[in-house]
1. Only residues that are of a type in the set (Ser, Thr, Tyr) and not in a strand (DSSP E or B): list them for region 182-198, please.
2. What tally of residues in region 146-164 results from selecting those that are part of a loop (DSSP other than H, G, I, E, B) and more than 9 Å from the ligand (Cβ to nearest atom)?
3. Starting from region 141-165, take each residue that is closer than 19 Å to Asp211 by Cβ and list its partners that are among the charged types (D, E, K, R) and open to solvent by 20 Å² or more (accessible area, probe 1.4 Å), counting only C-beta distances under 7 angstrom and pairs at least six apart or across chains.
4. Give just the number: which of (1) open to solvent by less than 50 Å² (accessible area, probe 1.4 Å); (2) acidic (Asp, Glu); (3) within 16 Å of the ligand (Cβ to nearest atom) does Asp143 not satisfy?
5. Quick one: Arg239 ticks every box in (1) at pLDDT 95 or above; (2) surrounded by fewer than 20 Cβ atoms within 10 Å (Cβ to Cβ); (3) of a type outside the set (A, V, I, L, M); (4) in contact with a Leu (Cβ under 7 Å, 6 or more places away or on another chain) bar one, so which box is it?
6. Which one is farthest from the ligand (Cβ to nearest atom), of the residues in region 130-140 that are buried (at least 24 other Cβ atoms within 10 Å of the Cβ) and closer than 18 Å to Val173 by Cβ?
7. Would you point out the residue of region 257-271, among those that are touching a residue at least 40 places away in the same chain (Cβ under 8 Å) and in contact with an Asp or Glu (Cβ under 6 Å, 6 or more places away or on another chain), that is farthest from Asp222 (Cα to Cα)?
8. Condition (residue is at pLDDT below 90 and in a helix (DSSP H, G or I)) applied to region 85-92: is it met by at least one residue?
Amino acid sequence: MLWVHARLAENVLAFASGLSASGHVSGKVCMRRNFDRKKRRSILSWGVLAVALAMPRVLAEPCADTCPAPMWIDDRRITDAMTAGLHELLQKGPAPSMQALVQQLNASRCTVELPRPKSSILSPADIYERKKEGVLIVGTLMDCAKCGKRHASLAGGFVVTRDGVAVTAHHLVERPDHLVMGVMTWDGRLFPVTSILAADKGADVVVFQMDGTGFQPLSLSDQARVGDPVTVISHPDNRYYSVTTGVISRYYYEKIQAKAVRRVAVTADFAGGSSGCPVLDQRGNVVGMVVRTSSLYAEGMDEKHDHLQMVVKSCVSSDVILELFP
Ligand SMILES: [Zn+2]
């Protein structure tokens, strides 16, 4: 059964015109009021001249379907909508309890048909434009021990099938003290997480099922080489749908409880809240999933950790994720 909280697209993602009109960028609105008419007329004349000069070029090179209007993201509204949606899931359902999901973390593999890897090379702007809808905001609702209120703990994930199979980090699910788990898509729809299909605690990966349809899946590839460009779409500290770029820094083993786990390090930035989000190659295929950062400090001179040298960005390698889909 499809469970849709609400179409939050208009509330969550506002176009530039809407934001200016509603005064969210108040500084710019005030500046505009202070313009005198003469200045406006003069700017207008130069503007008309500039448009006239640019016209033949614009007509000769019509904007492709890949250059839409810029979009402003309202982080506070997304956080509020996600929190309200999770509350509603908890009160009205249908969603299993977090404890029920945690008990399903012993599932090891699942049979799901994944989309084939894509082969056309894309720019980071095209990757964002075409792949962002496959990136999820994944959240759990928790009782706060400090203030007694309920908060949403939010991070990321990505869709792998049209009918709602998705991937996220194990550490986001293994929270038996939390209450309920849900996801929000780019267009502001909220869905409950209904079951865990496969999990690998050591590698920090979980495959889960959402209750819904019409999702935009991302394809996985294990063909990226060291030095290849990557794009990360993630939510560092609730800054939703941020893009960073870099390269694959190296593939390496990380020892976790006597087990050697295969990781991929990238130079594209991310931070707390980015966990579960996809690392995409230049074709828009998922080649890794964000799991954690390790800060490297200058040795000896720096007991207080004042001299940060480098932050290593660690991800689950896509071949480890693919092992959950035999
Ligand atoms: Zn609190």
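1. So the first thing to find is which residues in region 182-198 are of a type in the set (Ser, Thr, Tyr), and the list is 185, 194-195.
Within region 182-198, Thr185 is the sole residue that qualifies.
2. Within region 146-164, the first condition is being part of a loop (DSSP other than H, G, I, E, B), and the residues that meet it are 146-149, 160-164.
After this cut, where a residue has to be more than 9 Å from the ligand (Cβ to nearest atom) as well, the list is 160-164.
So the count comes out to 5.
3. Matching pairs, first to second residue: Leu141/Arg150; Gly164/Asp211.
4. Among (1) open to solvent by less than 50 Å² (accessible area, probe 1.4 Å); (2) acidic (Asp, Glu); (3) within 16 Å of the ligand (Cβ to nearest atom), Asp143 violates only (1).
5. Of (1) at pLDDT 95 or above; (2) surrounded by fewer than 20 Cβ atoms within 10 Å (Cβ to Cβ); (3) of a type outside the set (A, V, I, L, M); (4) in contact with a Leu (Cβ under 7 Å, 6 or more places away or on another chain), only one is false for Arg239: (4).
6. Only one residue fits best here, namely Val135.
7. We begin by selecting, within region 257-271, every residue touching a residue at least 40 places away in the same chain (Cβ under 8 Å); these are 257, 259, 261-270.
Of the ones still in play, those that are also in contact with an Asp or Glu (Cβ under 6 Å, 6 or more places away or on another chain) are 261, 263.
Values: Val261: 16, Arg263: 12 Å.
Checking each candidate, the answer is Val261.
8. Yes, the conditions are met somewhere in region 85-92.
The values are calculated or read from the model by the stated rules, or taken from the named source; none is laboratory data. In this text the structure is predicted, and so the values were computed from the model without any measurement. When we count neighbours, we look across all protein chains shown, and the Cβ atoms used for this are built from the backbone with ideal geometry, even at glycine. For accessibility, only protein heavy atoms count, side chains too; no ligands or nucleic acids. Shrake-Rupley method; radii C 1.70, N 1.55, O 1.52, S 1.80 Å.
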